[in-house]
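The values are calculated or read from the model by the stated rules, or taken from the named source; none is laboratory data. Just so you know, these numbers come straight off a predicted model, no measurement behind them. We place every Cβ from the backbone using ideal geometry, glycine too, and count neighbours over all the protein chains shown. The protein model used for the area step is the full one, side chains on, heavy atoms only, and it has no ligands, DNA or RNA in it. Shrake-Rupley method; radii C 1.70, N 1.55, O 1.52, S 1.80 Å.
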Amino acid sequence: MQEILSKLYDMTALGGFSYQVAIMWLIAFILLYLGIRKGYEPLLLVPIAFGVLLANFPGGGMGIVPAENITLEGGRYKNLFEIAHEYGIMNYLYYGLIKTGFLPPIIFMGVGALTDFGPMLRNLKLAIFGAAAQIGIFSVLLVAVLLGFTIKEAASLGIIGGADGPTAIYTTIKLAPHLLGPIAIAAYSYMALVPVIIPLVANLLMTKKEFKINMREMDKLYPPKHKIKNLKALKIIFPIVLGVITAIFVPSSVPLLGMLLFGNLVKEIGTATFRLADAATGAIMNTATIFLGLTVGATMTSDVFLSPKTLGIVVGGFIAFAVSIAGGIIAVKIYNLFAKKKINPLIGATGLSAVPMASRVANEMALKHDSGNHILQYCMASNISGVIGSAVAAGVLISFLS
Amino acid sequence: MQPFNEALSLMVVGMITVFFILFSIVLIGDILIRLCNKYLPEEVLEIKTKKSQSPSNNTHAAIKAAITLATKGKGTVTDITKI
């Protein structure tokens, strides 16, 4: 009888329960609450949170094992069948879809098919502020190195400042895969907190007069030199040319940017490729999002997540975000010192990715100060260039450090 | 100091690259706009105009037919104004 009871006890998860597991469950429940109840990036936060839960069910065998477990002699790896057999289905998915760097570019293809380069093409000069807003990535890289992170870990931490989930995940897979869970969580959490972080930084750095700079009035005073006569043709040519240029100068950014531009091209061609664009934004992107979320969440086992480095990532990620926003705002302020045609510094604040939430937040802030000051289209220009900027920054980090 | 120096040089190279690529985008975008304006006719606008005319004609015909039917041929349409 005692033997049967002992076997029954072994069958349950009670034997493997510890306070670390309880903390991880609590973190998963908080993330689920934020995703479901508060609506913070639910499409990714809910799968990630559930992945955390799955990985931390003692005896469930769904947690991701360290890469050393699947490494063989001579720098070779176990094949996927062996991984599935020894470590279960979640490790099969992780090492097949994430470790190979497969899913982030697939999601980028869908993002491309949802992106409209029109606002950027209409306000080309504003694209520069998408570059200025990448300063947070490199500033935090410097600080993190001083705090004791290795340079690869610091680069993965800094990329949170790009405010682009797939880019952050792709860079971390390449440079510091052991930090994938906390970095993905920090990236998506701060992206969800864009409506809080942008106003915080903008109110600190901007004057009331700057909030009221009306872009439409500026356009009337100083109209653009060339009006676009055939936007459809331009939108089809643009991703092709841009793809060639980035491939020449930053080839390591091609997996992300190339797929983004391909997705955009099939969308812009129109009815002839509608089915491809529909698949990229629908079934393919949704499936990729599910597997990405679950497997990234499953990397967060208690022994990996509950370390001082996680706290560093949470704090460092926030600083990277804030510095990126500040970088964009300050760049516009400097531009305004020398230019006749003034630009609302909120447009600089949207130079980080987080499309289109950052633009919406900036537009609402401008409308608060002047009900007729609609800046959404202008913000989208720097916002979209921010996506390109963060992918290029990721390409630079990967090519120098991997 | 070695990792710090490496991070510093990465910062300089990274920011220069990002600015260079986005400056190139501005420049090439500008060139593409000029080329498109010069060599590609405004097909989209023409098609739009044609399309906008045909439904308008259909609408006129439908209104006229409805009036004829309702007034049993006694009424005529002299002017249609969109409110």
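Rounded, prolate or oblate, given the Cα gyration tensor of chain A, with a/c below 1.5 counting as rounded? List each step's numbers first, then the result.
Numbers: a/c = 2.14, a/b = 1.74, b/c = 1.23.
Cα axes put chain A in the prolate bin.
Using a 1.4 Å probe over the heavy atoms of the protein chains, calculate the carbon and sulfur portion of the accessible area of chain A as a whole percent.
Working: 11850 of 17670 Å².
Carbon and sulfur together cover 67 percent of it.
Express in nm, to one decimal, how much length is gained between A:Ala283 and A:Glu364 on full extension, taking 0.36 nm for each residue of separation and deducting their alpha carbon distance.
Working: separation 81, 0.36 × 81 = 29.16 nm, distance 3.25 nm.
Here the segment from A:Ala283 to A:Glu364 would lengthen by 25.9 nm.
What is the calculated FRET efficiency for A:Phe102 to A:Leu306, with r their C-beta to C-beta distance and R₀ = 30 Å, to the nearest 0.05? Before the final figure, lay out each step's value.
On the way: r = 29 Å, r/R0 = 0.96.
Between A:Phe102 and A:Leu306 the formula returns 0.55.
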Query raised in the report: Can you list the residues, at least 5 places off or on another chain, whose amide H is less than 5 Å from the amide H of A:Tyr77, using H built in the peptide plane?
Result: A:Leu72
Query - A:Tyr9, A:Tyr222, A:Tyr95, reordered so the largest accessible area comes first (probe 1.4 Å) - result: A:Tyr9, A:Tyr222, A:Tyr95
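For A:Ile36 and A:Glu3, what does the FRET efficiency come to when R0 = 35 Å and r is the distance between their Cβ atoms, rounded to the nearest 0.05? Walk me through the numbers before you get to the answer.
On the way: r = 43 Å, r/R0 = 1.23.
Efficiency for this residue pair is about 0.20.
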Report summary line: Relative contact order in percent for chain A (Cα pairs under 8 Å, 6+ apart) equals 29 percent
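Between A:Leu221 and A:Thr273, what is the FRET efficiency for a Förster distance of 56 Å, r being their Cβ-Cβ separation, to the nearest 0.05? Can you show the working numbers first?
Values: r = 40 Å, r/R0 = 0.72.
Efficiency, rounded to the nearest 0.05: 0.85.
Quick check on packing: order A:70-78, A:114-122 by the mean number of other C-beta atoms within 10 Å, highest mean leading.
On the way: A:70-78: 10.8, A:114-122: 20.7.
So the order, starting with the most tightly packed, is A:114-122, A:70-78.
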Report task. Ignoring everything but the protein chains, give the 1.4 Å probe accessible area of A:Val254 in square angstrom, nearest 10. Result -> 50 Å²
Report summary line: If every Lys and Arg gets +1 and every Asp and Glu gets -1 at its Cβ, then about the Cα centre the protein assembly as shown yields a dipole, in debye to the nearest 20, of 2520 debye
Report task. Let me have the 222 nm mean residue ellipticity of chain A computed from DSSP H runs of 4+ only, each contributing -39500 (n - 2.57), with the sum over all residues rounded to the nearest 500. Result -> -21000 deg cm²/dmol
Report summary line: Phi angles of the stretch A:77-89, converted by Karplus (6.51 cos²θ - 1.76 cosθ + 1.60, θ = phi - 60°) into ³J(HN,Hα) in whole Hz with x for Gly and Pro, give 10, 5, 7, 4, 5, 5, 4, 4, 5, 7, 10, x, 5
**Report entry** Pair B:Phe4, A:Leu14: separation of 7 Å Cα→Cβ label points (nm)
**Finding:** 5.5 nm
Query raised in the report: Solvent-accessible area per residue for the protein assembly as shown at a 1.4 Å probe radius, Å²?
Result: 49 Å²
Requested in this report: Calculate one ³J(HN,Hα) per residue across the stretch A:309-325 by plugging θ = phi - 60° into the Karplus curve 6.51 cos²θ - 1.76 cosθ + 1.60, and present them in order as whole Hz with x for glycine and proline.
Outcome: 4, 4, 4, x, 5, 5, 5, x, x, 5, 4, 4, 4, 5, 5, 4, 4
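Keeping all protein chains in place and using 1.4 angstrom, which order do A:Tyr190, A:Tyr40 fall into by accessible surface area, from largest down? Don't skip to the end; give the middle numbers.
Working: A:Tyr190 25, A:Tyr40 70 Å².
Order by accessible area, largest first: A:Tyr40, A:Tyr190.
When you look at the Cβ of every residue in A:220-228, what mean number of other chain Cβ atoms sits within 10 Å? Don't skip to the end; give the middle numbers.
Numbers: counts 0, 0, 0, 0, 1, 3, 5, 2, 5.
Mean shielding count: 2.
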Query raised in the report: Of B:Thr76, A:Ala326, A:Asn56, which is farthest on the positive side of the dipole of the protein assembly as shown, counting Cα position, with +1 on Lys and Arg Cβ, -1 on Asp and Glu Cβ, and the Cα centre as origin?
Result: B:Thr76
Query raised in the report: Can you give the accessible area buried between chains B and A, summed over both chains, with a 1.4 Å probe, in Å² to the nearest 100?
Result: 3400 Å²
